Amino acid sequence: MSLKIYNTLTKKIEKFIPINDDQVNLYTCGPTVYDYAHIGNFRTFLFEDLLKRWLIHLGYNVRHIMNITDVDDKTIQKSIQQKKTLFFITEKYTKAFLRDLSWLNILPADHFPKATDYIDQMIKLIKDLIKKDMAYIDQGGSVYFRIKSSPKYGLLANLKIENHQKSKRVLNDEYSKESINDFALWKAYKEEDGDIYWDSPWGKGRPGWHIECSAMSMAELGCHFDLHCGGVDNIFPHHENEIAQSEGATGKKFVNYWMHSEFLLVDGGKMSKSIGNIFKIKELKELNFSAESIRYQLLSAHYRTKVNFSKLKKNENDRVVQRFLSFYNLLKINNADLIENTILPDEYLKFKEKMNNDLDAPQALGVFFVWMKKTTNEIINKKISKEKMGSAWSFLIVFNSVFGFIDTEEALIPDEISSILKMRDKARDEKNWLYADILRGELLTLGWIVEDTEQGQRVSKKK
Ligand code: AMP
Ligand code: ZN
């Protein structure tokens, strides 16, 4: 049973075979740091987190690079508008981004290269392309990639060159090009750029957005690596152009598998400034969203379907997350964590089969929910063996290492509380309601609220 994924390049579900045995080299396009990242960006970053966690679970050694786009049209515009240095702007939003990633419990990349640290590598790539006649310099000192020199151009995005949509990023590159589809590798300096420029063999200027990712990914992972991800809006022109430049310069295949997550919608529609539905993490925190609840809302849909984010779904999602937490606590109270049993229940194999099928999270979660309900009943009715209890704990830990839906810090129950809960459980079994109530009061004095539910006692810290 091995992992199969949908490869945007071949448009097929394919068996995932890394270049080097159990090593996976993964590049994910990072944020453009001119503003705070929004919940749509985090849909993509969470999909990539799930993919990476699953690869790690399967035993792969993952080297993950996520770039920081710290120079492009938008960052420059913001720095000029706000009369601040480019560095001031990009540092501020890079720090905020890394804080948000950590709050959402997204595993950090092994390295977060910044585009401005790789200008030499970009210049080298552009020089190689000019040498091969795949790029040309215009009179103003801008350099363009010659699309007609790249016979495979359009394969990723499934388009014919004459049908190219004029994307915004391409239109932003309006200098003098041989063909409308050619894209900028190097943009000559304009007065509006203020003091933001680098020297190059073609005069002062700055790199185009696409060459940044080619240079950073190849510098960190080599010319040919396993996996490259982003959101669907990255397919064209960004990733298509990355392939053309990289393969043009090296003459080698660039990336084996491309994966893209679908868009996030808010309340069923596109995010837009005019509607005011672009949620940043800071705003969601103010609305009392927990990281686990956001993770659940965004990861419970398949990554290749559009997901709808809604404030109205908060309570529903909080309840699901609470169920995971209660299950964790139930196992802890029954000392499941102290039983050594790493043999996973049969349901794990079903769960694994679903995840191996192009990360089918909704199906995998379905398997987990059914098993969790069954196991909860067995524990409450004291119809579970010690081995099975240990096995349940192991599955839960695996599950949480992949999805991160349980805040184990929050779930941590001190030993003293755990033993009172056990006494109370016994009192309830013996229908000694008075004693059970006394113990409830004792727990409250110690700062813990206990509720009796169909799934047994549910305990939470008093806020
Ligand atoms: P950017 O900062 O614009 O370069 O975007 C960073 C990442 O967020 C890219 O991989 C985009 O594809 C992704 N992204 C942007 N908007 C959305 C959205 N509404 N839903 C999902 N992913 C998005
Ligand atoms: Zn990129």
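Given a 1.4 Å probe, how much area per residue of the range 340-463 is accessible, in Å²?
Values: 6770 Å² over 124 residues.
Per residue, the range 340-463 has an accessible area of 55 Å².
From Cα pairs below 8 angstrom and at least 6 apart in sequence, can you work out the relative contact order of the range 1-55, rounded to a whole percent?
18
Rounded to the nearest 10 Å², what accessible area does Lys95 show when all protein chains are kept and the probe is 1.4 Å?
My reading of the accessible area for Lys95 is about 120 Å².
Which shape class applies to the range 4-261: rounded if a/c is under 1.5, otherwise prolate when a/b exceeds b/c and oblate if not, where a ≥ b ≥ c are the square roots of the Cα gyration tensor eigenvalues?
In terms of gyration-tensor shape, oblate.
From the backbone phi of the range 283-298, what are the Karplus-calculated ³J(HN,Hα) couplings (6.51 cos²θ - 1.76 cosθ + 1.60, θ = phi - 60°) in whole Hz, Gly and Pro given as x?
Computed from phi, the couplings for the range 283-298 are 5, 5, 4, 4, 8, 6, 6, 9, 4, 5, 5, 5, 4, 5, 4, 8 Hz.
What is the set of long-range amide H partners of Val62 at a cut-off below 5 Å, with H atoms built 1.01 Å from backbone N?
Amide H to amide H, under 5 Å and 5 or more residues apart or across chains, Val62 pairs with Val24.
Kindly state, to the nearest 0.05, the FRET efficiency for Lys270 paired with Lys383, given R0 = 56 Å and r defined as their beta-carbon distance.
The computed FRET efficiency comes out at 0.65.
Give, in nm to one decimal, the length gained when the segment between Tyr435 and Arg304 is fully stretched (0.36 nm per residue of separation minus the Cα-Cα distance).
Contour length minus the Cα-Cα distance gives 41.9 nm.
Taking H placed 1.01 Å from N in the peptide plane, check which residues at least 5 places from Arg146 or on another chain put their amide H under 5 Å from its amide H.
When sequence neighbours closer than 5 places are left aside, the close amide H contacts are Ala135, Tyr136.
Return a single number: how many Lys pairs in the range 339-414, at a sequence separation of 8 or more or on separate chains, have alpha-carbon atoms below 16 angstrom apart.
Summing the qualifying lysine pairs gives 9.
What lysines sit close enough to Lys273 to cross-link, taking a C-alpha to C-alpha distance under 18 Å and skipping anything fewer than 8 places away on the same chain?
Lys74, Lys78, Lys168, Lys282, Lys311
Taking the DSSP beta bridges in the range 4-261 as the whole, what percent of them are antiparallel, to the nearest 5?
Just about 45 percent of them are antiparallel.
Using just the helices of the chain, give the 222 nm mean residue ellipticity in deg cm²/dmol: DSSP H runs with n ≥ 4 each add -39,500 (n - 2.57), and the total is spread over all residues, rounded to 500.
-14000 deg cm²/dmol
Read phi for every residue in the range 86-95 and hand back ³J(HN,Hα) as whole Hz from Karplus 6.51 cos²θ - 1.76 cosθ + 1.60, θ = phi - 60°, with x for Gly and Pro.
4, 4, 4, 5, 6, 5, 4, 7, 5, 4
Counting alpha carbon pairs within less than 8 Å and at least 6 residues apart, what relative contact order, in whole percent, applies to the chain? The partial results should precede the final answer.
Values: 673 pairs, mean separation 76.7, N = 463.
Across the chain, relative contact order equals 17 percent.
Check Gly208: other-chain or 5+ apart residues with amide H under 5 Å from its amide H, H built from backbone geometry?
Result for Gly208 returns Trp186, Lys187.
With a 1.4 Å probe and every protein chain kept in, tell me what percent of the accessible surface of the range 51-134 is carbon plus sulfur.
Roughly 52 percent of what the probe reaches on the range 51-134 is carbon or sulfur.
Could you give the distance between the Cα centres of the range 1-40 and the range 348-364, to the whole Å?
So the separation of the two Cα centres works out to 17 Å.
Can you tell me the length gained on complete extension of the stretch Asp346 to Ile56, counting 0.36 nm per residue apart and subtracting the Cα distance?
Result: 102.3 nm gained on full extension.
Percent antiparallel among DSSP beta bridges with both residues in the chain, to the nearest 5?
Of all bridge pairs located within the chain, approximately 50 percent are antiparallel.
The values are calculated or read from the model by the stated rules, or taken from the named source; none is laboratory data. Treat the numbers as computed from the prediction; the structure is a model and nothing was measured. Backbone-built Cβ (ideal geometry, glycine too); neighbour counts: all protein chains shown. Calculation scope for accessible area: heavy atoms of the full protein, side chains included, ligands and nucleic acids excluded. Shrake-Rupley method; radii C 1.70, N 1.55, O 1.52, S 1.80 Å.
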